[in-house]
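Accompanying notes for the structure given below.
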Amino acid sequence: GSWTFSTLGWPEKTKDLETFHPTSWIQMGYEILYLWLMRMILMSAYTLEEIPFKDAYIHGLLRDKDGKKFSKSSGSNIDPLEVIKEYGCDALRVSVLSGITPGNDSRFYAEKVEASRNLVNKLWNISRFTFTNAGGARHVESVTPKTLADRWILARLSETAKKVGMLIDRYDFSLAIETLRDFTWTDLADWYLEIAKVEKEKNDILLYILERLLVLWHPFTPFVTEEIYKNFDAGMCIVAKWPTVEHELSSVDQSTVAAMQETIVAIRNVRAQYKVEPKKLVDVAVIEETVAWKETKDAIMSLARVGNVTFGGSLPNAASVIAGGTTIAVDLAGLVDLDKERTRLEKEIADAEKFLGVQNAKLANADFVARAPEKVITLERQKLADTQEKLNALRKEFAALVS
C-alpha cells in the first residue's frame, strides 16, 4: 500500500500480528493526505468510535535526479529490486532516509546509494575486525576504560545512543543516520580502531561497543545488523533493548583528545603536502611537551608515522606547524628534494606578491572604488586578505627550509 506501520511503535505487550491493534503511528506521502489519511480517521471514528493511530509522519516524494516525479508511463521509474540487487536493501533504505529534511521532496541518485553501501560495508568490516581480534563474539555486560582513548570512545557512544534515541522519538531519521555515520566512520573506524591497534587489549571494549552499535543501526539497516548480531547469541536484534551507556568525559580529557587528533592531522597534512611516502617515517621536534604528547605519544607516533620525537629543540630543513597547543617541526631532510621545494616556494611567493600588488593598486584606484558595486569591493578586499595570508604562510614555509 501507500503507507506502513512502524515496528518502533508497536505495543510492548503484544507482538502477535493477529491481535495487534494499530494505535502507534503511520507514515505516508503528502499526496495521499486527503485520499487516505483523513478517510482512515473518519471511517475509523465512524465505525469504531476511535482513531486508528496517534501520529502521522508525512514525508515528501522521491523524485528522479532531475527533480521529476517517477512515472511508469514516461519510463522514468526505477525498479527498487534492481537497485537492491546491485547495492543491497540496507543501502537503499539508508540512501532514501538520509540527507533530507522532513516533509520535503528528495531526489534519487545512484551515487547516494553507492555511498550508503560503502557505509554498510564499513559496519561489516568493523564487525569482522572485532570478531577476528576477539576470537569470536560474546556478550560483554560492562567494561572499565583503561586509557584516555577508552574513556573517549565510550563517552562518544553514550552521547550517540542518547542523541539517536531522541532523534528517532521526534522522527528526525536523517539526522539520526548522520549522527550514527559520524560515530561509526569517524570516531570508531578512523580513530579508535587505529588507536586500538597500538594500545592492544581492547577486545572487551570493542565487543561491548559493537553489540550496542548494531542495535542503534538496526532501525535503518535491519538486514546486515541482524546478520551480525546473531553472532552474539543474544536473541534477535529487532527486539533487543535500546542501549544505555553511562560514560562521560571530563573537559580536560576532551581537550587532550582534540589536541591529539589535531596533532596527527597536522603532521599528516605536512606529509601529504610534501608527498612523503606513507611507509617512510618522519622525525619531529616539539617545542613543548604538552599533555597530549605525554598521554597519547604512542598513538600520535603510530598514526602520524613518526620515527623519533625530541622535545624543546628544533630541526633544520623542517616544515613547522602549530597544532595541539605547541609548535611541531617535521624533518624533511632525505625525504623530499629540498632544492625543488625551495624553487617551488620562490615561484609561489613571487606570484602571490605580484597578485598582491595588482589588488592593492585596484583598491587604491578611487574611480574603481566609487563605481564598483559594494559586493565587488567586498570580494576584492577578501581576495587581498586571503592572498596576504597565503603569502605569510609561504614565506614562513620558505624560511624553515633555508634555515
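Things worth noting here:
- When residues of the stretch 92-113 are limited to those that are in contact (Cβ under 8 Å) with a residue 60 or more places away in the chain, small (Gly, Ala, Ser) and touching a Lys or Arg at 6+ places or on another chain (Cβ under 9 Å), the one surrounded by the most Cβ atoms within 10 Å (Cβ to Cβ): 98
- Any hit, the stretch 223-246, residues being closer than 30 Å to residue 297 by Cα, at pLDDT below 95 and either touching a Leu at 6+ places or on another chain (Cβ under 8 Å) or not small (Gly, Ala, Ser) (or both): yes
- Residue count for the stretch 70-91, restricted to those that are touching a residue at least 60 places away in the same chain (Cβ under 8 Å) and open to solvent by 60 Å² or more (accessible area, probe 1.4 Å): 0.
- Of the residues making up the stretch 188-210, at least one is touching a Leu at 6+ places or on another chain (Cβ under 6 Å), part of a helix (DSSP H, G or I) and surrounded by fewer than 22 Cβ atoms within 10 Å (Cβ to Cβ).
- Failed condition for residue 309, given (1) hydrophobic (A, V, I, L, M, F, W, C); (2) farther than 16 Å from residue 397 by Cβ; (3) assigned to a helix (DSSP H, G or I): (3)
- Filter result for the condition that a residue is of a type in the set (A, V, I, L, M), in contact with a helix residue (DSSP H, G or I) (Cβ under 8 Å, 6 or more places away or on another chain) and closer than 30 Å to residue 339 by Cβ, over 257, 291, 286: 286
- Of the criteria (1) part of a helix (DSSP H, G or I); (2) touching a strand residue (DSSP E or B) at 6+ places or on another chain (Cβ under 8 Å), which one residue 390 fails: (2)
- Qualifying residues in the stretch 134-173 (those that are assigned to a loop (DSSP other than H, G, I, E, B), of a type in the set (D, E, K, R) and within 30 Å of residue 54 (Cα to Cα)) - the one most open to solvent (accessible area, probe 1.4 Å): 170
- On inspection, residue 177 does not qualify as farther than 30 Å from residue 60 by Cβ, out of contact with any His (no Cβ under 8 Å at 6 or more places or on another chain) and aliphatic (A, V, I, L, M).
- Answer residue from the stretch 114-133, given it is of a type in the set (Phe, Trp, Tyr) and more than 22 Å from residue 298 (Cα to Cα) and is least open to solvent (accessible area, probe 1.4 Å) among those: 131
The values are calculated or read from the model by the stated rules, or taken from the named source; none is laboratory data. What you see is a predicted model; the values in this text were computed from it and never measured. Methodologically, a virtual Cβ is constructed for each residue, glycine included, from the backbone with ideal geometry; neighbour enumeration extends over all protein chains shown. These area figures cover heavy atoms from the full protein model, side chains too; ligands, DNA and RNA do not enter into them. Shrake-Rupley method; radii C 1.70, N 1.55, O 1.52, S 1.80 Å.
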